[in-house]
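Working notes, beginning with the structure itself.
The values are calculated or read from the model by the stated rules, or taken from the named source; none is laboratory data. In this text the structure is predicted, and so the values were computed from the model without any measurement. All accessible areas refer to the heavy atoms of the entire protein, side chains included, with ligands and DNA or RNA removed. Shrake-Rupley method; radii C 1.70, N 1.55, O 1.52, S 1.80 Å.
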Amino acid sequence: MGPSLDRSRGEPDPVSEFEQLYERFRLPVYRAIRGIVLEAAAAEDLTQETFERAYKSRQDYRGGSSPGAWLHRIAVNTAISYLRRQRVARLLIPKLYVPGTSAQEEVEDRSLAERALSVLSPKLRVVVVLSFYARMSRDEIARTLQIPPGTVASRLGAALEAMRKALAEIDQEGIPERQGG
Amino acid sequence: MRPPDGAPGSNDSEWAHLIDAELSSWDPGFLSTRFHPRNRQRALPVLRPLPLTLVALLVAVVTAAVLAGGPRALTVVIVNLANGRPQPPPAHEVP
């Protein structure tokens, strides 16, 4: 992938180039988003939305970072926006969010990793997903989230601590409470 | 899968492995394998039959009423349309 996604000087067609980008990053972006929102169906919609946003703003991409980092930044913003909307909707109309199964059953159906992620706040979850799944360095995460590297480190530390505590509680058959800011 | 050691200071790579393995197993069910940008530009409403029909009918009724000469004629036109069969126009008042 070159430095720009919208070339018009007799170089590759930007649409087909974007299609290549989609093929390459479709799954990583989907998985990262799902790791943040922890909802499979919503993650698919948000992945589509992420690529739509990226496609619309591809002219703004100048190659300052890798295409993967650029896409992950859009994906994180899309996922966080979704969680904010959900939170507001839950506060306004809580009765619409009564689950079919109990919260206890929902948590028990999840895998260990998913349960560990579910105890984190979205901010901490994003850092964990970018670090442990997207394999970004602390500086890359800092650039992607536009926060200081020290904040990345402190969030990662807080997330690890919360996940350790959560798994210890899971071992004792309890449902851990959400932690982190 | 065994959780990483619960003790503080345990190796972060265990967490990385646990989370990476879990997330890598997630595959989308319906997400298209090819990118199709949605067409944000709405197509021109070439045919919207019902609103057009209603507007045309209203215009026809009002025009007919105006040409026929007043509110009484308007009533007759509406009654005609409602009945589905034409009735003779109102006779001019005979002194």
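What to note about this one:
- Chains B and A together bury roughly 3100 Å² of accessible area, counting both sides, with a 1.4 Å probe on protein heavy atoms only.
- Converting phi to 3J(HN,Hα) with the Karplus coefficients 6.51, -1.76 and 1.60 and the offset θ = phi - 60°, segment A:40-45 yields 5, 5, 4, 4, 5, 4 Hz in sequence order, with x at every glycine or proline.
- Taking amide H as placed 1.01 Å from N in the peptide plane, A:Leu120 has its amide H under 5 Å from the amide H of A:Gln179, each at least 5 places away in sequence or on another chain.
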